[in-house]
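Reviewing the structure listed below.
The values are calculated or read from the model by the stated rules, or taken from the named source; none is laboratory data. All figures in this text were calculated on a predicted structure; none of them were measured in a lab. Cβ atoms come from the backbone with ideal geometry, glycine included; neighbour counts cover every protein chain shown. These accessible areas exclude ligands, DNA and RNA; they are computed on the full protein's heavy atoms, side chains included. Shrake-Rupley method; radii C 1.70, N 1.55, O 1.52, S 1.80 Å.
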Amino acid sequence: MEIKIINGPNLNMLGKRESNHYGTFTLADLEKELTSRYGKQADLDFFQSNSESDLIHYIHENGPHADGIVINAGAFTHTSIALRDALLAAGTPFVEVHISNVFAREEFRHVSYLSDKAAGVILGLGKMSYFFAVEYFLESSGQITKEGI
Ligand code: DQA
């Protein structure tokens with residue numbers, strides 16, 4: 001099983017940014033922990049970019065042959081129809097994740113261009129948002145179809 005774990009803008013700053021919302025772990029810590037928890041059960045690939053264009057290119061090239069995508073699109077969640085379209089073009093089930101509880105924050109974060117097309121949305125659970133998303137794909141492997149995306 002091949003799972004792509006995609007992080008959008010400013011998530012490279014984890015550990016240095018707003019620890020009240022994002023904790024103190026770094027992106028490298030998170031990726032290491034995901035690999036140590038799930039690396040034997042799944043082929044995990046990580047990608048982070050601050051560029052909308054690079055994220056879209058990555059999804060075009062890597063999304064279609066993956067079994068699942070876990071995406072924290074950062075602020076692009078709330079703005080990017082282009083990212084939504086790229087995920088739809090890839091046709092691969094994705095889970096939208098957020099470290100913070102966006103509904104407990106500013107109103108502009110309550111809007112997502114991804115949620116209605118996601119297999120699920122997991123938010124507010126810190127690193128565990130990612131863990132549960134990967135577990136979803138592992139648990140449902142063989143049962144997820146690409147229909148209806
Ligand atoms: C975030 C929430 C977004 O609103 C914000 O722009 C981020 C991170 C989260 O993981 O909680 O960059 O996606």
* To do: Could you please put Thr79, Thr92 in sequence from largest to smallest accessible area, using a 1.4 Å probe?
  => Thr79, Thr92
* Structure fact -> Treating only Lys and Arg (+1) and Asp and Glu (-1) as charged, each at its beta carbon, one finds that the range 1-81 has a dipole about its Cα centre, in Debye to the nearest 20, of 280 debye
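How many Å² of accessible area per residue for the chain, probe 1.4 Å?
Working: 7280 Å² over 149 residues.
Averaged over the residues of the chain, the accessible area is 49 Å².
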* Could you pull out every one of the lysines with an alpha carbon less than 24 Å from that of Lys32, ignoring same-chain neighbours closer than 8 positions? => Lys4, Lys16, Lys40, Lys127
* Asked: To the nearest 20 debye, what charge dipole does the chain have about its Cα centre, counting +1 at the Cβ of each Lys and Arg and -1 at the Cβ of each Asp and Glu?
  -> 300 debye
* Helix-only CD estimate at 222 nm, as mean residue ellipticity for the chain, using -39500 (n - 2.57) per DSSP H run (n ≥ 4) -> -10000 deg cm²/dmol
* Structure fact -> dims of the range 1-51, Cα set, principal axes, largest to smallest, nearest Å -> 33, 24, 13
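Using a Förster distance of 30 angstrom, determine the FRET efficiency expected from the C-beta separation of Asn10 and Leu138, and round it to 0.05.
0.60
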* Paramagnetic reach from His60 (point 7 Å along Cα→Cβ, amide N under 15 Å) across the range 67-87 -> 82-87
* To do: Please list, or write none, the aspartates and glutamates whose alpha carbon is within less than 12 Å of the alpha carbon of Lys117, excluding same-chain residues fewer than 8 places away.
  => Asp85, Glu96, Glu147
* Is the shape of the range 56-149 best called rounded, prolate or oblate, per the rule: a/c under 1.5 gives rounded, else a/b larger than b/c gives prolate, else oblate, with a ≥ b ≥ c the square roots of the Cα gyration tensor eigenvalues? -> oblate
* Asked: In what order, largest first, do His110, His65 sit by accessible area if the probe radius is 1.4 Å?
  -> His65, His110
* Full-extension gain in nm, Arg17 to Phe46, via 0.36 nm per residue minus C-alpha separation -> 8.4 nm
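Please identify the DSSP H helices in the chain that span no less than 27 Å along the helix axis (Cα) and have a mean Kyte-Doolittle hydropathy of 0.5 or more.
Numbers: long enough: none.
Answer set is empty.
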* Order of exposure, largest accessible area first, which applies to Lys16, Lys40 with probe 1.4 Å -> Lys40, Lys16
